[in-house]
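The structure appears right after this line, and notes come after that.
The values are calculated or read from the model by the stated rules, or taken from the named source; none is laboratory data. The structure displayed is predicted, hence computed values, not measured ones. Using ideal geometry, Cβ is built from the backbone for each residue, glycine included, and neighbour counts are taken over all protein chains shown.
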Amino acid sequence: MPNKSPPCALMIQGTGSDAGKSLLVAGLCRAFKKRGLKVLPFKPQNMSNNAAVTIDGGEIGRAQALQALACGADPIVDMNPVLLKPQSDTGAQLVVGGKVRGTVKPKDFRTFKDTLLPEVLAAFERLKSQCDVVVVEGAGSPSEINLRAGDIANMGFALAANVPVVLAGDVEKGGVIAQIVGTHAVLMPSEQALIKGFIVNKFRGDASLFDSAMTDIEARTGWPTLGLVTWFEDARKLPKEDSASLAGWAQSGQGADHQNPIRIAVLKLPRLSNFDDIDPLMNEPDVEVILLEPGEALPGNIDVVILAGSKSVIADLRVLKDQDWDVDIKAHLNRGGLVVGLCGGYQMLGQRISDPDGVEGDVGEELGLGLLDIETVLTDDKTLEHVTGVEANTRLEISGYEMHLGLSEGPARHRPWVHLSDGREDGALSANGHVMGSYVHGLFAADEFRHGFLSRLRDGRVQGASYAASVEAALDDLADHLESCLDLDALLAMIQPE
């Protein structure tokens, strides 16, 4: 039965994936906050391997953590009650209420996802009771009518919760008129009526050239335009949401045009996860980050190779070997380079990874790269917690979070990379200190640690800006950008009708 209470919420749905929904929601959250409203974000269902640990001990999509930051709020599990984390082309880990509930195949998820709707609505109601406005993000597109039965991500949720919808189209990819008009054509009348207007996002160039297109979309759909959002260049300063955000990112970082930048290579493995670990490095003025695609050899002028997190560490390790990147990494070390492994990447650096219970799918094991004398056994027991501490050798402060399955032990653990504040030692170092690994995500977001690490690669102290301050400034700029592009008064009128 649809909820008939006043909305107090607004939902941004998109004409497709990567239409810019996440940043639109983040920007609106910050814009409404700057207008004096208490705002919280919500995404009923997310699919991403980029996750964040919440203050209440669960995990949610990384995009919702950024949106919470835009609201000035701590991330909590109710902001993203259902999270799917792909492990393979045919299966995903299901996280409900911040906790792992099992592994599902797409066809199986379709049969019972409607049973999750009560939990989704309950989380939404709890958020509504804590704020003035909830800004909701859809997933994918409501035009995927083959997925409509039991939908909890888009119109199924919006109708059940009585939330007005704004449809965002992505003009950058082309065909935005067809995207919006086509979405109107396939929706049911009740769904069409729930959409109160549309936004055209990511426009480059002279906006006046699109005026007639906006008029035509209005005429064909009956939906009013709420604005044309021009390209926001500083989006690159904000954490990446998911793999769609990596499309086209082959070489980046502020140091790409630097005469002699610090060059960092990140291996793009199929189940790359929590790659927002790299974002702080990309904001450094003299760092160039290269995302190495399968089929590409590791360049000889790289200073650091980073193996980031992985949702399927054994499968990704096999891909790494198939690409001969293991040979490239050892040659890189012989040239005096550094290798960093984070979470799943740390596990890959060891002697062996075993999965005796089939945690990642199939039971099996794989020899590691042999660069750290540790072995890892994957288990069902998932570690989720925020941590603080210091780097073992420099005593520079770190902070971050753990989110992993498995336990790593071996002689190299006697040379830990990090001393945690709770007394534990984390990670491992090679004897010469050129190979280092840790389970802690977010190490490079700690300014002192990041600048100390980079200073090791250059003569003299590397000085850079605060990463947290950079993200906050980008969110403020995004809010101001949306204020100038959108009719925010009209949006607020939808949320808080007189």
Which residues, taken from region 11-68, are under 20 Å from ASP279 (Cα atoms), assigned to a helix (DSSP H, G or I) and of a type in the set (D, E, K, R)?
-> LYS21, ARG62
Just name the residue that is surrounded by the most Cβ atoms within 10 Å (Cβ to Cβ) out of those in region 132-155 that are at pLDDT below 95 and not in a loop (DSSP other than H, G, I, E, B).
-> LEU147
Matching residues, region 102-131, being closer than 23 Å to ALA149 by Cβ, exposed (fewer than 14 other Cβ atoms within 10 Å of the Cβ) and modelled with pLDDT of 90 or more | PRO118, ALA122
Is it the case that some residue within region 293-303 is at negative phi, surrounded by fewer than 20 Cβ atoms within 10 Å (Cβ to Cβ) and under 21 Å from the mean Cα position of the chain (by Cα)?
-> yes
Take ASP114 and decide whether it is assigned to a loop (DSSP other than H, G, I, E, B) and charged (D, E, K, R).
-> no
Residue match in region 322-341 (condition: within 28 Å of the chain's Cα centre (by Cα), basic (Lys, Arg) and more than 25 Å from ALA445 (Cα to Cα)) = no
Yes/no for VAL120 being of a type in the set (A, V, I, L, M), within 21 Å of ALA63 (Cα to Cα), in a helix (DSSP H, G or I) and in contact (Cβ under 8 Å) with a residue 40 or more places away in the chain = yes
Starting from region 168-197, take each residue that is in the same structural domain as ASP211 (by TED's automatic domain parsing) and list its partners that are crowded, with 21+ Cβ neighbours inside 10 Å and of a type in the set (Lys, Arg), counting only C-beta distances under 7 angstrom and pairs at least six apart or across chains.
-> ALA168/LYS21; ASP170/LYS202; VAL171/LYS202; GLU172/LYS202
Tell me which residues, restricted to region 284-301, are in contact with a strand residue (DSSP E or B) (Cβ under 8 Å, 6 or more places away or on another chain) and either of a type in the set (D, E, K, R) or more than 17 Å from PRO239 (Cα to Cα) (or both).
-> GLU284, ASP286, GLU288, LEU292, LEU298, PRO299, ASN301
Among the residues listed as VAL200, VAL163, the single one being in contact (Cβ under 8 Å) with a residue 24 or more places away in the chain, in a loop (DSSP other than H, G, I, E, B) and either of a type in the set (A, V, I, L, M) or in contact with a strand residue (DSSP E or B) (Cβ under 7 Å, 6 or more places away or on another chain) (or both) | VAL163
Among the residues of region 436-443, is any over 21 Å from the mean Cα position of the chain (by Cα), surrounded by fewer than 18 Cβ atoms within 10 Å (Cβ to Cβ) and more than 30 Å from THR103 (Cβ to Cβ)?
-> no
Does ASP373 meet the test of being at pLDDT 95 or above, assigned by TED's automatic domain parsing to the domain that holds PRO261, more than 27 Å from the chain's Cα centre (by Cα) and under 22 Å from ASP426 (Cα atoms)?
-> yes
